[in-house]
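Accompanying notes for the structure given below.
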Amino acid sequence: MNYQSVFDSPIDKEFESLLSKDFDAVKPGEIVFGKVTEIGRDYVLVDIGFKSEGHIPISQFCDETGKPKVNVGDSVEVLLLTSENESGEVVLSKDRAEQLKVWNELERLHKEDKLVSGKVVQKVKGGLQIDVGVPAFLPGSQVDIRPQRYLDKFVGETLEFKVLKFSRERGNIVLSRRAVLEAERKALKKDTISQISEGVVMEGIVKNVTDYGAFIDLGGIDGLLHITDMSWGRVNHPSEMLTVGQTIPVVILKYDRDNERVSLGMKQLIDNPWDKVETRYVPNTNISGKVVSITDYGAFVRLGEGIEGLIHVSEMSWSRKIPHPSKLLAIGQEVEAIVLEVSAENQRISLGLKQLTNNPWEELAKEFPVGTKVLGKVRSVTDFGVFINIKDDIDGLVHISDFSWTKKVKDPKDVKDIYKKGDEIEAIVLEIDPENERLSLGIKQLTSDIWDSVPHWYPQGAKVKGKINSLTEFGVFVELEEGVEGLIHISQLGLERTESLKDKFTVGAEIEAEVLNVDRAERRISLTTQVGKKRKDKEEYAQYSEQGGSAVTFGDLIQQQYNKQKED
């Protein structure tokens, strides 16, 4: 065959070498060069110097749009599948030639421990499918240095990989991107460590954000930026300031070379604003700021870069009971407040809202001086008393001890049985404490104290009758009249040694006694049932003394009394 007459285009040097090749040495499975002699509708004819040309499907030469990307006369590499089939034709494949070249190249790179480039095609079970000329598998554990939960984000990216496993027979290629990153990180780490020293400012990439801080990649080595070193102000969570992938400047605070631990700081890149806070924020001056955080105990207001002040819930209203700061303020709200206290040492600024208005407690003392009779509704009932609304949001407390002069609340829980929320009650102003915002009221003070008259009603030696209210280990309580109670101590009951209180006395029974003493201050009446008996013994003793003179002793008197009882 005259090869020169076959091709319209000049024969290139590569093809000249092909024509001079001994074709008897070419065997199926080898890649050879051929010349495109004709481009048909379905096939492309390629001459490799054999007796006949090979027919290759045109689809193997088309681009993504379906158009042929080859011209007559072009030199192409093809794989010889069969030198002569049943029809006497040469069987060639351009695709198989390219695949074989890819496999050969991948095998070479694997043996030489070099990297391969490929495009992430799709997510598959356990990892990703990579196109490196032939399909390859990238396990999920080999995608990155750190575990990646979402692999879809890598689809479409062209990356470099290391070949971990290679099997041409099984058509199996396993890749690793992690090995590439670790190698890069190791090289970066060596360079980074040479630059690290305390006080050096470096750029890093936010690698991970946690509740207590963020890990920053400085280039092969990670450093911890603690939440307390992010800002001179208060940071609720690191995510408020940083996002993964963000590049930030940091300063090396501490470097433990042995353990390769690096502590980083951001706030140290600027001067501490708290150093001049006492000159910028003077007590009793007005300031404005934005609410940045709300807690159960108050709201934090940003006054400047790194400077925040706290409006405590107790400083929000003079009289209104704020259930939660969020009921009055909202995050992002611009507020005006008054500086109450500044402490640069403790990095604390106390602010007040209520101080912007007049203190109603100071006006209260003028409007309701001590002794004034007031009328109000019960706002709340507690175990220790009731709160009565007097004016606007100002409540006064009537303590249980100021309910009645005579009736005592034995069980604090009984208060709810005495007064109900919404009851209208009259009371007397007992005390006003504007500083502590306290108003003390009394109900019993509306009437005179019955104990002012008790000493006159029950003089010493007076005989009284009453009803036994209770029995105790130390005596018997006797109700003389409503609200007035006396105590007969056990020593004043004349009990024998073998007798007990329960044997001789019963709750509810009437009893006669004599007044021993009335203590106005302690509101206590001491009674006895033994005064008459003692008086009779004293008279008999005097009688015997008159009869027998000094010869009669107290012992004689006792003996006489004993004999008399024996006769009876």
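For the pair residue 314 and residue 344, the difference between a 0.36 nm per residue extended length and the Cα-Cα distance amounts to 8.6 nm. Computed from Cα positions, the angle between helix 178-195 and the longest principal axis of the chain comes to roughly 70 degrees. Each label point was placed 7 Å from the Cα along the Cα-to-Cβ direction; for residue 228 and residue 520 their separation is 6.4 nm.
Starting with the fewest neighbours, write out 237, 456, 312 ranked by other beta-carbon atoms found within 10 Å of each beta-carbon. Intermediate values should be presented prior to the final figure.
Working: 237 12, 456 8, 312 16.
Taking fewest neighbouring Cβ atoms as first place, the list is 456, 237, 312.
Seen against the Cα atoms of the chain and their longest principal axis, helix 554-567 is set at about 90 degrees. For region 360-446, a crude dipole built from +1 on the beta carbon of Lys and Arg and -1 on the beta carbon of Asp and Glu, taken about the Cα centre, is about 520 debye to the nearest 20. Estimated at 0.36 nm per residue, the fully extended path between residue 417 and residue 358 surpasses their Cα-Cα distance by 17.4 nm.
Straight Cα distances below 20 angstrom link residue 119 to the lysines 101, 153, 162, 165, with same-chain residues fewer than 8 positions distant left out.
Spin-label pair residue 122-residue 280: with each label point 7 Å from Cα along the Cα-Cβ axis, the two points sit 5.8 nm from one another. Extension gain, residue 164 to residue 425, is 85.1 nm, computed as 0.36 nm per intervening residue step minus the present C-alpha separation. Pairing the Cα long axis of helix 531-548 with the longest principal axis of the chain, what angle in degrees results, from 0 to 90 and rounded to the nearest 10? That helix lies at roughly 40 degrees to the long axis. A dipole drawn for the chain from +1 and -1 charges on Cβ atoms has a positive end, and of 158, 489, 76 the residue lying farthest that way is 489. Note on residue 449 and residue 499: with the Förster distance fixed at 30 Å, the Cβ-Cβ geometry gives a FRET efficiency of about 0.20. Counting neighbouring Cβ atoms within 10 Å and putting the fewest first, the residues 380, 197 line up as 197, 380. Exposure proxy ranking for 487, 495, 446, 128, based on other Cβ atoms within 10 angstrom of each Cβ and starting from the fewest, stands as 446, 495, 487, 128.
None of the figures in this text is laboratory data; all of them are computed from the coordinates on show. Model, not experiment: these values are computed from the prediction. Neighbour counts are summed over all protein chains in view; Cβ atoms, including those assigned to glycine, are modelled from backbone coordinates with ideal geometry.
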